[in-house]
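To start, the structure itself, in structure tokens.
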Amino acid sequence: MNLTIDISNEEFDGIVDDSGDFIPTIFLGFPNDIRGTYEFELINTVINIYDFQDQIQKQGFHIKDDSLFVFGKMKVQIEKVKGADFKIIEGSSSEAREQYLSWSYTIDTGDIVCKSGGKLSFLDNCYVALMIVTESKPKITLTFDITETVPFDFMSSTSIEQAKLKKNEHKQIISRGKLFDFTFFKDHFGSGRVAIKNEELDKS
């Protein structure tokens, strides 16, 4: 039961909150050229839907709440992207290490900046802040499964607790990977790069 909301005429961080009671987890791609259409995903996100009731009703949904906590994956699609700056913060605030990634752009009058961020899905204890630059009047949409949401009211402790119970605890896969295991690699590839043994045989 997917719902898509077009938030093109709003400030991104005015609709998608990444600084309140919940810090979302973000799933990113790092393309060589970010221009055009860029997509990423968020989980554990609070979104303001107050101004989008017409869009919601046209898709057959009736939601009386002003905000939702999206504990499932929410797809973000941003069109007319010119470039971006990403800041990756590793570690606690007292010992944080910052790294930056940039895709070059030139700011023109009327350009838009979309601000977002969250915990990196593939690195433990890392936060990333996004500044994505688009041309004027970009198309920006959010798509999520309505069954993976609960109503949210930041003024209500009960609402916050209910959202916490639904929070998706994403766990990074902490593993060096089988192919970095010298014994495994030698057993299955020998001294070459073509597999010489079926891994299923290990289980027999």
Item to complete: For segment 29-76, list log₁₀ I(q)/I(0) at each q in 0.17, 0.24, 0.26, 0.32 Å⁻¹, using the Debye formula over Cα point scatterers of equal strength and ignoring solvent, two decimals each.
Response: -0.66, -0.93, -0.99, -1.14
Worksheet, complete the sentence: With x for Gly and Pro, the residue-by-residue ³J(HN,Hα) of segment 187-198, computed from phi through the Karplus equation 6.51 cos²θ - 1.76 cosθ + 1.60 at θ = phi - 60° and given in whole Hz, is 5, 9, 10, x, 9, x, 10, 10, 4, 10, 9, 6
Worksheet item: In debye to the nearest 20, how big a dipole does segment 68-170 give about its Cα centre with +1 on each Lys and Arg Cβ and -1 on each Asp and Glu Cβ?
Response: 200 debye
Practice prompt. Could you list the chymotrypsin sites (Phe, Trp or Tyr not before Pro) in segment 87-128 that lie in coil according to DSSP, counting only those with at most 16 other Cβ atoms within 10 Å of their Cβ?
Written response: PHE122
Practice prompt. Take the alpha carbon gyration tensor of the chain, find the square roots of its eigenvalues, order them as a ≥ b ≥ c, and report rounded if a/c is under 1.5; if not, report prolate when a/b exceeds b/c, else oblate.
Written response: prolate
Fill in: Radius ratio Rg over Rh of segment 1-56, counting only Cα atoms, Kirkwood formula for Rh
0.99
Practice prompt. Tabulate in residue order the Karplus-calculated ³J(HN,Hα) for segment 62-71, using 6.51 cos²θ - 1.76 cosθ + 1.60 with θ = phi - 60°, rounded to whole Hz; enter x for Gly and Pro.
Written response: 10, 10, 8, 7, 7, 9, 10, 9, 9, 8
Response to the item:
In order over segment 96-102: 3J(HN,Hα) from phi, Karplus 6.51/-1.76/1.60, θ = phi - 60°, whole Hz, x for each Gly or Pro, gives 5, 10, 9, 10, 10, 10, 9
Worksheet, complete the sentence: Taking Cα atoms only, Rg over Rh for segment 69-178 with Rh from the Kirkwood formula is 1.03
Practice prompt. Pairs of Cα atoms under 8 Å, at least six residues apart: use those to get the relative contact order of the chain, whole percent.
Written response: 25 percent
Fill in: Base-10 log of normalised Debye intensity for segment 92-138 (one unit scatterer per alpha-carbon) at q = 0.31, 0.33 Å⁻¹
-1.23, -1.30
Practice prompt. For SER67, list long-range residues whose amide hydrogen, built 1.01 Å from N in the peptide plane, is under 5 Å from its own amide hydrogen.
Written response: ILE49, PHE152
Worksheet item: When the Cα centres of segment 49-103 and segment 14-46 are compared, how far apart do they sit, in Å?
Response: 4 Å
Practice prompt. Tell me the Kirkwood hydrodynamic radius of segment 54-119 in angstroms, computed as one over the mean inverse distance between distinct C-alpha pairs.
Written response: 16.1 Å
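We did not get these values from a lab; they are worked out from the coordinates using the rules stated. Computed from a prediction, not measured in an experiment: that's the story for all the values here. Counting neighbours? That spans all protein chains shown, and the Cβs are built from the backbone with ideal geometry, glycine included.
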